[in-house]
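Engineer: Sharing a structure, written as structure tokens. Questions coming.
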Amino acid sequence: MQKIDGKQLVSEITLDDLKKAEGGSISLCACVHKLRKMSGFSFVILRTGRYILQSVYDDKVCSGNFEDLCEGAYVSIAGKVKKEKRANYGLEITLTSFEILSKPSEEYPLHVSNKKLGCSIETSMAYRSVALRHPEQRAVFKVAEGVVSGFREFMLSENFTEIHTPKIVAAGAEGGANIFKLKYFDKDAYLAQSPQFYKQTCVAFFDRVFEIAPVYRAEKHNSTRHLNEYIGLDFEMAFIRDMHDVMSMETAMLKYVMNYLADNYAHEIEMLGAKLPIINDIPSVTFFEALDILGKSRNQFDLDPTDEVRLCEYAKDNFDSEFIFVEKFPGLKRPFYAMDSKDDPKLAESFDLLFRGLEITTGGQRIHDYDEQIAKLKRYNVEPEDLGAYIDIHRYGMPPHGGLGIGLERVVMKLLGLSNIREASLFPRDIHHLDP
């Protein structure tokens with residue numbers, strides 16, 4: 001509850017609240033989503049923080065003046081709840097009173113009350129704060145909330161500790177040119193490409209850790225699958241036998257998240273017409289097996305976007321799975337902390353997870369032995385002293401460990417069948433968007 005001018009205002013209600021009020025009265029705060037005049041009465045469609053509710057205005061019953069209302073006005077209403085099978089959720093509110101809390105000074109530049117927003121993605125970006133008022137647009141981010149909540153709940157249930165690591169760092173975990181540089185007082189610093197170094201540090205004393213936080217990549221891509229700032233779902237776990245322990249943990253986590261969405265976000269899933277994947281065992285192929293499946297020569301070192309689509313089609317046709325792991329990538333294309341394969345040192349104990357034609361995860365087993373890590377750094381022409389405290393964690397002892405990073409927006413994009421990753425980001429950051 002909150003108060004304005006001494007009056008109690010009812011904050012967000014749930015569908016259970018509405019159902020319990022059937023046959024009685026209810027009070028709530030909402031935004032006027034749409035107005036429809038009929039003969040003798042009017043519909044006042046209300047938008048709460050999650051739902052669209054149907055209410056009816058009749059001047060014989062309601063003390064307020066209908067002409068004072070407009071789309072976009074924020075109101076406090078009171079009314080009686082009754083069954084109405086044609087209304088959302090089978091319930092309708094007959095207004096008995098309302099108070100206008102605030103009104104817009106201009107009309108919306110977008111058709112927020114239409115079934116579909118019906119504008120280009122650039123227009124949606126230009127009027128982001130208005131576009132997100134559309135029920136389908138904001139539902140995307142309720143699903144994102146569900147993915148994050150399910151991920152966190154699963155991690156905690158598996159005895160992972162949630163950590164929060166710095167995003168201003170002295171060295172890039174991935175190296176290369178795709179890193180944002182900034183001045184940190186009199187020193188050079190960077191925006192974190194990954195929490196990798198800190199995750200590995202923390203397994204030395206927590207055993208299992210996870211983080212949900214922004215990740216920064218200074219890539220000049222202008223594609224439908226790349227962002228320069230995204231939300232990473234990361235975890236790292238100690239005492240693994242090999243990278244398949246990490247892959248098994250991810251499989252269990254994804255099963256949990258999909259069930260969590262089905263149980264808690266069915267409203268948004270249905271609204272968006274999304275189909276949650278059924279996950280049993282996720283098939284896995286090696287990188288070179290993947291090339292054979294694709295009919296490509298073995299002289300390439302990574303997969304391109306078309307390869308990812310075709311491999312997911314292969315997984316669906318042959319294993320009835322919308323996911324597929326690709327493991328044991330050529331070491332040249334993997335970071336210096338990736339463990340070399342004992343069977344073939346030219347390969348890395350590293351994997352990607354593809355979902356509906358897109359890579360959503362990169363992970364693997366990390367090097368835990370000090371001498372092995374120093375030797376690999378030399379092969380990569382990296383000076384150990386440039387990595388400072390990261391080398392100390394190996395010097396003072398590390399358990400066998402591995403982990404992964406998942407791109408939240410990529411998961412949501414593919415879950416909901418969105419055509420552009422920017423649609424899965426509240427306020428996207430790419431080479432063209434720094435505002436809002």
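Derivation of every value follows stated rules applied to the coordinates shown; laboratory data play no part. This one's a predicted model, so the numbers in the text were calculated from it and none came from an experiment. So basically every Cβ, Gly included, is an ideal-geometry build from the backbone, and we count neighbours across all protein chains shown.
Engineer: I'd like the antiparallel share, as a percent to the nearest 5, of DSSP beta bridges with both residues in segment 2-102.
Structural biologist: 90
Engineer: Sequence neighbours fewer than 8 away in the same chain don't count; with that in mind, list the lysines whose C-alpha is under 16 Å from K85.
Structural biologist: Here the lysines satisfying the reach criterion relative to K85 are K19.
Engineer: Taking loop as defined by DSSP and a crowding limit of 16 other beta carbons within 10 Å, which chymotrypsin sites (Phe, Trp or Tyr not before Pro) in segment 343-436 fit?
Structural biologist: In loop regions of segment 343-436 (DSSP not H, G, I, E or B), the sparsely surrounded chymotrypsin sites (Phe, Trp or Tyr not before Pro) are Y380, Y396.
Engineer: Among the complete DSSP H segments of the chain, which ones combine at least 27 Å of alpha-carbon extent along their axis with a mean Kyte-Doolittle hydropathy of -1.0 or more?
Structural biologist: Answer set is 135-157, 243-264.
Engineer: Another question about this same structure. Sum up the lysine pairs in segment 185-285 that clear both bars: alpha-carbon distance under 29 Å and a spacing of 8 or more or different chains.
Structural biologist: The result is 5.
Engineer: How would M249, M258 line up from fewest to most surrounding beta-carbon atoms within 10 angstrom?
Structural biologist: By the 10 Å Cβ count, ascending, the order reads M258, M249.
Engineer: Taking the Cα centre of segment 94-136 as origin, work out the dipole magnitude from +1 charges on Lys and Arg Cβ and -1 charges on Asp and Glu Cβ, in debye rounded to 20.
Structural biologist: 120
Engineer: In addition: Run the reach check for K60 against lysines, Cα to Cα strictly under 19 Å, same-chain hits fewer than 8 apart removed. What comes back?
Structural biologist: Correct list for K60: K37, K80, K82.
Engineer: Another question, if that's okay. With the Cα gyration tensor of segment 290-336 giving a ≥ b ≥ c as the square roots of its eigenvalues, does the rule (a/c under 1.5 for rounded; else a/b larger than b/c for prolate; else oblate) give rounded, prolate or oblate?
Structural biologist: prolate
Engineer: Over all pairs of distinct alpha carbons, what does the Kirkwood formula give as the hydrodynamic radius of segment 207-300, in Å?
Structural biologist: Kirkwood hydrodynamic radius for segment 207-300: 17.1 Å.
Engineer: Starting with the fewest neighbours, write out T14, T362 ranked by other beta-carbon atoms found within 10 Å of each beta-carbon.
Structural biologist: Going from least to most buried by this count: T14, T362.
Engineer: Also, I was wondering about something else. Using only the alpha-carbon atoms of segment 26-130 as identical scatterers, what base-10 log of I(q)/I(0) does the Debye formula give at q = 0.13, 0.18 Å⁻¹?
Structural biologist: Summing over Cα pairs of segment 26-130 leads to -0.49, -0.88.
Engineer: A further question on this structure: Can you tell which of K328, K342, K103 shows the greatest fluctuation in a Gaussian network model of the chain with Cα springs below 10 Å?
Structural biologist: K342
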